[in-house]
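Scroll down for the structure; my scribbles are underneath it.
The values are calculated or read from the model by the stated rules, or taken from the named source; none is laboratory data. What you see is a predicted model; the values in this text were computed from it and never measured. Note: ideal-geometry Cβ built from the backbone for every residue, glycine included; neighbour counts use all protein chains shown. Remember, those area values only see protein heavy atoms, side chains included, never the ligands or the DNA or RNA. Shrake-Rupley method; radii C 1.70, N 1.55, O 1.52, S 1.80 Å.
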Amino acid sequence: MNNFTFVNPVKIIFGKNTIKHISGEIPANSKVLVTYGGGSIKRNGVYDQVAEALKGYEWYEFSGIEPNPHYETCIKAAALIKEKKVDYVLAVGGGSVIDATKFIVAAACFEDGDPWRLLSEKPKVTAKKAVPFGTVLTLPATASEMNSGAVITKASTQEKLAFGSPLVFPKFSILDPTVTFSLPPTQISNGVADAFVHVVEQYLTYPANALLQDFMAEAVLKTLIIEGTKALENPNDYDVRANIMWACTCALNGWIAVGVPQDWATHMIGHELTAFYGIDHAKTLAVVLPGVMTILKDQKAEKILRLGKEVFGIQSDSASELIDSTIKATEEFFHKLNIKTRLSDYGIGDEAIEKVVNRMKERGWKLGEKENITFDVVRKILELRK
Ligand code: NZQ
Ligand code: ZN
């Protein structure tokens, strides 16, 4: 196992009827800004529960945070924080609202020019201060509710970049699985697929003799596989929703990442597909991952074999057959979630491949756990996914 230091300070409040606990978490006399998205929280009763819990606080709201949140939108919320002298923010939504809020709370305190520098000039430029915030999670997927990362899109340049800072860990996150009953099936699937790939990015590399992390990763994957399709078939099952919600959080809250190598190539390639073509984040991952597994199958052989045996229960005397069956099972899992896995399924033609490859070339990125996925390798991966 590799050396590591680990901290995760996020307080999780999990279960039915827990939104009311907001009032015990936000210091009295705080001026609060509630951030949210396009209005799902007004239709499913979450907004009313939040408003009830905030009685007695002076609070404002900022709505209209879009999926794959835009820098241009976030900047307006940061200005509102300064104007109203807000001292606590409450993000109510999915990964997009929570990610946006992480950027907003850092941007509101940023004094070194344009806050986009937090993304475009990292790690040289970092946040030095941020307004504290909590979250009410409405979409299990990203684990943004229990990590310190965020992904923001600059619409004007079609760039989607990540940043992170210990200052943008939420102070608390409320996870009430009942609020996920209103999710449309496509968002249930997206969430399960995204969390599945988060685990894969931290697990499907090369062995580091980190047995506990391997077992934990496999447990999260199995939970997502078992419960993911159940949530689509039986959307009103509370326990299924609860298992999915906690599995998605555990997929990217840092526990399985400690002491092991990490990949993240699928995500970095997927982010470009979202930036250029607006495809849902999880759907880009389902397109790219089978290509990454196929092109990198020698490098990843030992862990692909383990994934096949331990998670999908595949048996074969031939290692190469087992590897191929595991890649197939992974793609079939996305299909069971009704997620398509080819670029052409999303109306994307060959020109997209060069567009993404050129981005990688410009940035000089070398992706993957061995930093050997250069732009040429990205081309090979995407050629397989046409
Ligand atoms: O905007 P509203 O009206 O709220 O509707 C949202 C949105 O349209 C809707 N929704 C959310 N909760 C709902 C609901 N609809 C009905 N009932 C509910 N309970 O779902 C739609 C999608 O929401 P979004 O927040 O965009 O989805 P998700 O949670 O999948 O977040 C995706 C974003 O997170 C980033 C992605 O890149 C993407 O921008 N990621 C963040 C990560 C992190 N911080 O660690 C890691 C991930 O890899 C990912 O990159
Ligand atoms: Zn993701």
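Some points to look at:
- Selection status of I353, within 16 Å of ligand 2 (Cβ to nearest atom) and either modelled with pLDDT under 95 or farther than 29 Å from A210 by Cβ (or both): no
- Here is the figure for the range 1-37: residues that are more than 19 Å from K102 (Cβ to Cβ) and in a loop (DSSP other than H, G, I, E, B) total 13.
- The residue that is nearest to T274 (Cα to Cα), counting only those in the range 63-104 that are outside any helix (DSSP H, G or I) and open to solvent by 30 Å² or more (accessible area, probe 1.4 Å), is N68.
- Scanning the range 122-139 for residues that are within 16 Å of ligand 2 (Cβ to nearest atom) and either open to solvent by 10 Å² or more (accessible area, probe 1.4 Å) or under 14 Å from A162 (Cα atoms) (or both) gives a single hit, L139.
- In the range 275-285, residue nearest to ligand 1 (Cβ to nearest atom) [restricted to those that are in contact with a Gly (Cβ under 9 Å, 6 or more places away or on another chain) and in a helix (DSSP H, G or I)]: H281
- Residue that is farthest from ligand 2 (Cβ to nearest atom) [pool: residues in the range 257-304 that are among the hydrophobic types (A, V, I, L, M, F, W, C) and open to solvent by 40 Å² or more (accessible area, probe 1.4 Å)]: I295
- For the range 171-184, the set of residues classified as within 11 Å of ligand 1 (Cβ to nearest atom), in contact (Cβ under 8 Å) with a residue 40 or more places away in the chain and not charged (D, E, K, R) consists of P177, T178, V179, T180, F181, S182, L183, listed by residue number.
- Any hit, the range 146-154, residues being assigned by TED's automatic domain parsing to the domain that holds S63, among the hydroxyl-bearing types (S, T, Y), modelled with pLDDT of 95 or more and open to solvent by less than 10 Å² (accessible area, probe 1.4 Å): no
- Matching residues, the range 105-121, being open to solvent by 10 Å² or more (accessible area, probe 1.4 Å) and either of a type in the set (G, A, S) or in a loop (DSSP other than H, G, I, E, B) (or both): A108, C109, F110, E111, D112, G113, D114, P115, W116, S120, E121
One line per residue, one yes/no per condition, for (1) at pLDDT below 95; (2) within 16 Å of ligand 2 (Cβ to nearest atom); (3) open to solvent by less than 10 Å² (accessible area, probe 1.4 Å):
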| residue | (1), (2), (3) |
| --- | --- |
| F172 | no, no, yes |
| T178 | no, no, no |
| S182 | no, no, no |
| T186 | no, yes, no |
| A210 | no, no, yes |
